[in-house]
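Notes to accompany the following structure.
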Amino acid sequence: MAKISFLISTNRPYDTCAKRVIDGIEQQGLLDNNEVIVCSNDPIQDNRIVNIEDTLKTNGTLGFNQAAKASNGDILVVLCDDHEVLVNTNIENIFNNDIFKDRKYKILTMATHTDALRPAYLGPIPEYPETYMDLGNYIFHPKFNLKSSFFPDNYLSYFLYMNNEEVVQTKDIILYSYQNEVQQHNNQYFDECLDIYMDLLTNLKSGDPYVS
């Protein structure tokens, strides 16, 4: 069994996007005893990864859920295909502190270089299997079923808040965006995703399951 499963969801050219992320992981020596699961529309030939087909064809958010279901790691690390990652610690030990001693959900958010390492509410890292199973075997809520990444991470953060486990950010893992190099900002489906987000927020009560 792999210790860490790096999860990537992508629908863009592999060589210019997700491969760049994986090259960086390999250069840091993070592939030993770990695995990379890539969920994509098109087949990818790379012996460093486990490639699974995006059967839902929505890309983005729900691709991570599909990748998670195919994973074998003790820790799941969610990575975008347009952010390089720098790991400054032993990921296996990242949850071994008093903050998570009595927490049900062992989830961290990664710092991003572009926000000057200010607190962010993006990029969750659920620990498997306890947290993953407690979330109903989902990382992101399946109602975010559009070809967009707006708000599913915000909803996960709100769910944690409602369960008295506010988001914890680590600066031991830093994301460096190259988003502007591969795609201009796209607000498509923003309003639709906002409607989904607000509907979930309106109905969520403390103690409710993540996915009912």
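The values are calculated or read from the model by the stated rules, or taken from the named source; none is laboratory data. Computed from a predicted structure; not experimentally measured. Cβ placement follows ideal geometry from the backbone for every residue including glycine, while neighbour counts extend to all protein chains displayed.
Scanning the range 1-52 for residues that are among the acidic types (Asp, Glu) and surrounded by 17 or more Cβ atoms within 10 Å (Cβ to Cβ) turns up just one, Glu35. Within the range 187-198, residues that are in contact (Cβ under 8 Å) with a residue 24 or more places away in the chain sit with their Cβ atoms under 8 Å from residues that are surrounded by 12 or more Cβ atoms within 10 Å (Cβ to Cβ) and basic (Lys, Arg), at 6+ positions apart or across chains, in these pairs: Gln188/Lys147; Tyr189/Lys147; Ile196/Lys143.
Restricting to the range 11-37, what's the tally of residues that are under 21 Å from Tyr132 (Cβ atoms) and either in contact with a helix residue (DSSP H, G or I) (Cβ under 6 Å, 6 or more places away or on another chain) or charged (D, E, K, R) (or both)? Lay out the reasoning, then the answer.
Initial filter on the range 11-37 (under 21 Å from Tyr132 (Cβ atoms)): 25, 30, 33-37.
In the following step, the residues that additionally are either in contact with a helix residue (DSSP H, G or I) (Cβ under 6 Å, 6 or more places away or on another chain) or charged (D, E, K, R) (or both) were identified as 35-37.
The total comes to 3.
The residue pairs whose first member lies in the range 90-119 and is within 20 Å of Glu130 (Cβ to Cβ) and crowded, with 18+ Cβ neighbours inside 10 Å, whose second member is modelled with pLDDT of 80 or more and aromatic (Phe, Trp, Tyr), and whose beta carbons are closer than 8 Å, counting only pairs six or more residues apart or on different chains, are Lys106/Phe95; Lys106/Phe100; Leu108/Phe95.
For the residues Tyr128, Tyr121, Tyr105, the requirement of being farther than 20 Å from Ile174 by Cα and at pLDDT below 85 singles out Tyr128.
Restricting attention to the range 157-212 and to residues that are under 17 Å from His83 (Cα atoms) and among the acidic types (Asp, Glu), the residue that is modelled with the lowest pLDDT turns out to be Glu181. Whenever a residue of the range 159-178 is in contact (Cβ under 8 Å) with a residue 12 or more places away in the chain, its partners that are buried (at least 17 other Cβ atoms within 10 Å of the Cβ) and of a type in the set (Asp, Glu), lying with C-beta atoms within less than 7 angstrom and at least six residues away or across chains, give the pairs Tyr176/Glu84; Ser177/Asp82; Tyr178/Asp82; Tyr178/Glu84. Kindly check whether there is at least one residue in the range 173-190 that is over 30 Å from Asp15 (Cβ atoms), surrounded by 12 or more Cβ atoms within 10 Å (Cβ to Cβ) and in contact with a helix residue (DSSP H, G or I) (Cβ under 6 Å, 6 or more places away or on another chain). No, the range 173-190 has no match at all. The criterion of at least 1 residues that are over 14 Å from the mean Cα position of the chain (by Cα) and farther than 26 Å from Lys19 by Cα is met by the following helices (runs of 4 or more DSSP H) wholly inside the range 128-212: 130-134, 152-162, 190-203.
In the range 47-54, the condition of being under 14 Å from the mean Cα position of the chain (by Cα), on the phi < 0 side of the Ramachandran plot and outside any strand (DSSP E or B) is met by no residue.
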